[in-house]
1. With the checklist (1) under 16 Å from Ala392 (Cα atoms); (2) part of a helix (DSSP H, G or I) in hand, flag the one item Ser328 doesn't pass.
2. Collect the residues in region 208-256 that are under 17 Å from the mean Cα position of the chain (by Cα), of a type in the set (Val, Ile, Thr) and closer than 22 Å to Gln47 by Cβ, keeping them in residue-number order.
3. Take residues that are modelled with pLDDT of 95 or more and either touching a Leu at 6+ places or on another chain (Cβ under 9 Å) or surrounded by 15 or more Cβ atoms within 10 Å (Cβ to Cβ) (or both) and tell me which of the helices (runs of 4 or more DSSP H) falling wholly in region 1-105 contain 1 or more.
4. Given Glu130, Glu99, Glu165, which one is farther than 21 Å from Thr20 by Cβ and of a type outside the set (A, V, I, L, M, F, W, C)?
5. Can you go through Ala194, Ala220, Ala284 and tell me which one is surrounded by fewer than 13 Cβ atoms within 10 Å (Cβ to Cβ), outside any loop (DSSP other than H, G, I, E, B), on the phi < 0 side of the Ramachandran plot and outside the structural domain of Arg86 (by TED's automatic domain parsing)?
6. Pairs under 6 Å by beta carbon, first residue farther than 17 Å from Leu347 by Cβ in region 364-382, partner acidic (Asp, Glu) and part of a helix (DSSP H, G or I), six or more apart or different chains?
7. Return the only residue of Asp252, Asp231 being not assigned by TED's automatic domain parsing to the domain that holds Ile359 and not in a strand (DSSP E or B).
Amino acid sequence: MRFYEYESRRLVEAAGIPVTDYGFAQTAEEARKIAQEIGGPTVIKSQVLSGGRMKAGGVQFADTPDEAARHAEAILQLEIGGHMPRGVLVDPKAQVKQEYYASVVWDGTAKKPLLLFSDMGGVDIEEVAEHHPEHVGRGHFSNLLPFSDFQAKQVIAAAGVTGRELTRLTPILARLAGLFQDRDMTLAEINPLAQLEDGSFVALDAHMEMEDEARPRQKAVLAELGIADDDVREVHEPSPFETKVGAVDAADHRGVIQGKDTGFHGNLGLVIGAGGGSLTLTDAVRSHGGDPANYSEIGGNPSVAKACGLAKAVLEKDGVEKLAVMMSIVSNTRVDIVARGVIKACLELGKEPSETIAIFRIPGAWEEEGFKILERYGIDYCDRSISMHEAARRAVASFQEDPAEAEAEAARP
């Protein structure tokens, strides 16, 4: 889940990293009062879970409390990236001598956290890494062993920072690493981390993202931030299809289903599973010229109701003509239960299962029972002797070929 900037600032502050004397406002009058308390020029920043605030006009500078109120009123009505602001952050305008970048991000390839530091802050780190790689320090560290300040010092020094700045920045990056570990973050970023004219350092902006699965462990922290249990913080607004699948999954603890359809507009619905196998199957459908209507995951021995709910949600999508039910060899999901579920979905929607289910390829536990059910309804199925790639081809071919021709083609060596 993602955090708003004002929440990220509180997390950073709680970790012992200096921040400005900011305030969070949800009305123009609240922004005016905070600006009066600050007593000088301020920055009014929209609180949305998307980038591009500056370009969209979501960041404005004010010299007086009245001006801060006017900017806040306009920003609170400004949609950015499809999101309306939660409020505005009112920040004192800092006298900055030098801007730095500091972050900890989860490296999925290395399966370790990665420290990143640059003496060129205030801009995208990707741009700095591409054009000025010598200004970026990197270093992995263990998520199991205690973190050492020396690891932070090495990364900062690799970016060319020396002397007193190196000494002062080391504990800040070390505390950011501690925040990353303690709060189950996937990203903990400060940009910019500013050195002020008086030589002190302060976080002027922060971006935090936490593992969704960590919410139960971090319940106390989330409660302190005022984040409700049903505040899911999706990166994008779920579609009606995604909402429907999520509701079916939440209604039954048995097994797991999920469905995504952002960017999918095809005519072949997918009820697929097996982790990486789902990606393989989706790509296989496309490689054979098919047009998937969705991406899905089904597994963990779901109930008939759950398999039915996923299949119905897929079949009810606009443009979906047929359904492909495919998985790798399963041991923790009963083939007969999935078969019953997808057939039930067809019947409840008034569709003929044999004409609607283009292919059923799930070998594994209780497959004999499952295949008997499929035979009864005349559904084309295949066992483990048929590869997932070939099953995807057959599903796509069912749109173009006569069923008798498709069967003859499948029988050819």
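1. Ser328 satisfies all of (1) under 16 Å from Ala392 (Cα atoms); (2) part of a helix (DSSP H, G or I) except (2).
2. Val232, Val235
3. Per the criteria, 5-14, 28-38, 65-75.
4. On inspection, the qualifying residue turns out to be Glu130.
5. Details: Ala194 fails: surrounded by fewer than 13 Cβ atoms within 10 Å (Cβ to Cβ); Ala284 fails: surrounded by fewer than 13 Cβ atoms within 10 Å (Cβ to Cβ).
Selected residue: Ala220, the only one of Ala194, Ala220, Ala284 that is surrounded by fewer than 13 Cβ atoms within 10 Å (Cβ to Cβ), outside any loop (DSSP other than H, G, I, E, B), on the phi < 0 side of the Ramachandran plot and outside the structural domain of Arg86 (by TED's automatic domain parsing).
6. Trp366/Asp336; Glu369/Asp336
7. Values: Asp252 fails: not assigned by TED's automatic domain parsing to the domain that holds Ile359.
Going through Asp252, Asp231 in turn, the sole match is Asp231.
Yes/no per residue for (1) in contact with a Gly (Cβ under 6 Å, 6 or more places away or on another chain); (2) assigned by TED's automatic domain parsing to the domain that holds Pro216; (3) polar (S, T, N, Q); (4) under 30 Å from Asp229 (Cα atoms):
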| residue | (1), (2), (3), (4) |
| --- | --- |
| Arg10 | no, yes, no, yes |
| Ala14 | no, yes, no, yes |
| Ala28 | no, no, no, yes |
| Met54 | no, no, no, no |
| Glu79 | no, no, no, yes |
| Gly82 | no, no, no, yes |
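The values are calculated or read from the model by the stated rules, or taken from the named source; none is laboratory data. Quick caveat: nothing in here was measured; it's all calculated off a predicted structure. Positions of Cβ are backbone-derived with ideal geometry, glycine not excepted, and every protein chain shown enters the neighbour counts.
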